[in-house]
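First comes the structure, then the notes that go with it.
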Amino acid sequence: SPELAQVLKVEPGSPALQMQRRYTTSDTEIAQVTVNTHPAARFRHSMTMRRVKG
């Protein structure tokens, strides 16, 4: 949205990564939901995954 672009100090329509996370309690109830938007030019995401035997 133009409003979000203004807050992030980027041009409207610029690419961004939006991450939605759900945090749950030990009995699987949702405790919190967050939505974070990161401008592509100022964010880098990497992940390492390892296979576990068994």
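Computed from the coordinates by the stated procedures, all read-outs in this text should not be read as laboratory data. Worth saying up front: this structure is predicted, and the values here are computed from it rather than measured. All Cβ positions, glycine included, derive from the backbone under ideal geometry; neighbour counts span all protein chains shown.
In the range 35-54, the residues that are in a loop (DSSP other than H, G, I, E, B) form Cβ pairs under 9 Å with partners that are hydrophobic (A, V, I, L, M, F, W, C), at six or more places apart or across chains, as follows: PHE43/ALA16; PHE43/LEU17; HIS45/LEU17; HIS45/MET19.
When GLN20, GLN32 are checked against the criterion of being under 11 Å from the mean Cα position of the chain (by Cα), part of a strand (DSSP E or B), of a type outside the set (Val, Ile, Thr) and loosely packed, with under 10 Cβ neighbours inside 10 Å, GLN20 stands alone in meeting it. Looking across PRO12, PRO2, PRO39, one residue alone is under 11 Å from the mean Cα position of the chain (by Cα) and not hydrophobic (A, V, I, L, M, F, W, C). It is PRO39.
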